[in-house]
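Trainee: Below is one structure. I have some questions about it.
The values are calculated or read from the model by the stated rules, or taken from the named source; none is laboratory data. Source: prediction; values computed, not measured. As a convention, Cβ positions derive from the backbone with ideal geometry for all residues, glycine included, and neighbour counts pool all protein chains shown.
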Amino acid sequence: MSRISSMAYKKVDGMSAEDRRRSASNSRLYNRLHSLHAGRSASTSSPFSHKAFQHTFSYDDSIAGYLSKELREDAQYLAIKYGMSSHQSGDASLSSVREEMPVKVLNGSPGYINILDALNGWQLVKELREATGLPSAASFKHVSPAGAAIGVPLSESEAAACMVSDLSLDTKKPSLAAAYARARGADRMSSFGDMIALSDKCDETTAKIISREVSEGVVAPDYEPAALSILVKKKGGNYTVFKIDPQYLPSETEERSIFGLKLRQKRNTTMVNADIFTNIVSESKELPKSAVNDLIVATISIKYAQSNSVCIAHRGQVIGLGSGQQSRIHCTRLAADKAANWFLRQHPRVLNLPWRSNLKRSERANGIESLIQSGLGAENGLDDYFTQPVPPLTLEERSEWLIEHGGLALSSDGSLPFRDSIDVAKQPGGSKDSNKESTKDQQVIDTCNQYGITLIHTGIKLFHH
């Protein structure tokens, strides 16, 4: 029996008779195996020792869990309100093998998915910050980013599309507020109820943007007092606010349990930065610094998106992400469709819609989405949003507007095996800098040459589940 188990057995008065019986049994098993070890070769005795430690490990784990729940001030343990779904309650928790938990809950009561989104989102923005040197933000929803961005100042039309025109965001210098406005604004439908990740200390302006949106929580390395005061008032005082140690580094390996079995692998420590975008295999060699930053944003985003995934970025933000699809062409279609929507939301007619005065921000987002996607007429409920009839955007208007917007960056978490993804990605308008990990088909390179696309092979796969 291990020393930790023995100590727990002797000192915990609240243990059940069954736990005591298991402790005594474990001790006898270890002693028996130890006596059998004498006279046996290492090859014969090692399997017995291995089984002994496996047997006692489960008991030690039970004792550690029991103590953590009893001693709630344990720095290595965090109780969460329920598991993946609300009916999975009773034993949901987060624990750390380090001396102290690197993430603290300053307000609210997080759930299982909140934890997953916060930890994945933090890794994404931390890596974006390190790769670009700019403040970064992510909007996470159901274990994939709905949006991610670096703090490039917003143009007038971008600020309007992100619904922050009324705020005094810095129009000259990069800011955290601009990063989150972009991350949230790119795909407002998907970001509804998001978990927010911020690379830098949350300031008051960023907190004001967050306070107006429907969100589950936020994770950041720190908070200005004024910002924290704003955030803790959300959701009737139940808004989840995480503070994470920016110096925390996990171990090189990671584990998860599936169906009672344990999976173990080396953590994905691949660093995405400008250095991996040097192997240009297309005729076009054009790759300005802005395109490299966009490729970094797109590639780090797919590193933390459910595979398969394809991402399109522009001006420092994700504008289209297709993830969790079995077919890569379907990922590309989703990403391209969302990218087109981002530009169409900046169409002059869309920015000047005659809104009803009593609409919420989410209702305006729904109205814009409906108008762009299906061309609603008054007979299809447009009166719910607008004070006067609004004709849908015609195909000609869409095409003329989209063709004006190019210079996009596309990244895929795996190879693009056929030209179809390139053909689809080309449709939003303009040439793209396309990041591709590998290909066995010269057809993809030829297609990029046909469109004047800069194609890069990184040689890296970034599958994530």
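Trainee: If we scan segment 351-358, do we find a residue that is hydrophobic (A, V, I, L, M, F, W, C) and more than 27 Å from Pro145 (Cβ to Cβ)?
Mentor: yes
Trainee: Can you list residue pairs whose Cβ atoms sit under 7 Å apart, with the first residue in segment 348-362 being under 13 Å from Phe386 (Cα atoms) and the second being surrounded by fewer than 10 Cβ atoms within 10 Å (Cβ to Cβ) and at pLDDT below 90? Count only pairs 6 or more apart in sequence or on different chains.
Mentor: Pro354/Gln388
Trainee: For Pro135, indicate whether it is within 26 Å of Arg256 (Cβ to Cβ), touching a Gly at 6+ places or on another chain (Cβ under 7 Å) and not charged (D, E, K, R).
Mentor: no
Trainee: Right, another one. For residues that are assigned to a strand (DSSP E or B), at pLDDT 80 or above and within 19 Å of Gly217 (Cβ to Cβ), tally how many sit in segment 73-108.
Mentor: Residues flagged as assigned to a strand (DSSP E or B), at pLDDT 80 or above and within 19 Å of Gly217 (Cβ to Cβ) within segment 73-108 amount to 8.
Trainee: Determine, yes or no, whether Ile258 is of a type outside the set (Gly, Ala, Ser), modelled with pLDDT under 95 and within 30 Å of Glu100 (Cβ to Cβ).
Mentor: In short, yes.
Trainee: Could you check segment 262-287 and list, in sequence order, the residues that are within 18 Å of Gln443 (Cα to Cα) and free of Cβ contacts under 8 Å to residues at least 40 places away in the same chain?
Mentor: Matches in segment 262-287: none.
Trainee: Among (1) under 24 Å from Leu228 (Cβ atoms); (2) touching a Lys or Arg at 6+ places or on another chain (Cβ under 8 Å), there is one condition Val164 misses while meeting the rest; what is its number?
Mentor: Only one criterion is unmet by Val164, namely (2).
Trainee: Here's another thing I want to ask about it. Among the helices (runs of 4 or more DSSP H) confined wholly to segment 137-242, which include 3 or more residues that are more than 27 Å from Leu359 (Cα to Cα)?
Mentor: Those helices (runs of 4 or more DSSP H) span 225-231.
Trainee: Of Leu134, Leu198, which residue is under 18 Å from Ala298 (Cα atoms), touching a residue at least 12 places away in the same chain (Cβ under 8 Å), surrounded by 18 or more Cβ atoms within 10 Å (Cβ to Cβ) and under 12 Å from the mean Cα position of the chain (by Cα)?
Mentor: Leu198
Trainee: How many of the residues making up segment 334-355 are part of a loop (DSSP other than H, G, I, E, B) and either surrounded by fewer than 14 Cβ atoms within 10 Å (Cβ to Cβ) or among the hydroxyl-bearing types (Ser, Thr, Tyr) (or both)?
Mentor: 2
Trainee: Quick one: which of Ser290, Ser309 is assigned by TED's automatic domain parsing to the domain that holds Pro417, surrounded by fewer than 18 Cβ atoms within 10 Å (Cβ to Cβ) and within 18 Å of Ala148 (Cα to Cα)?
Mentor: Of Ser290, Ser309, the one residue that is assigned by TED's automatic domain parsing to the domain that holds Pro417, surrounded by fewer than 18 Cβ atoms within 10 Å (Cβ to Cβ) and within 18 Å of Ala148 (Cα to Cα) is Ser290.
Trainee: Select from segment 229-242 the residues that are under 10 Å from Val218 (Cβ atoms) and touching a residue at least 60 places away in the same chain (Cβ under 8 Å) and write down the one among them that is surrounded by the most Cβ atoms within 10 Å (Cβ to Cβ).
Mentor: Leu231
Trainee: Condition (residue is surrounded by fewer than 22 Cβ atoms within 10 Å (Cβ to Cβ) and closer than 21 Å to Tyr239 by Cα) applied to segment 146-157: is it met by at least one residue?
Mentor: no
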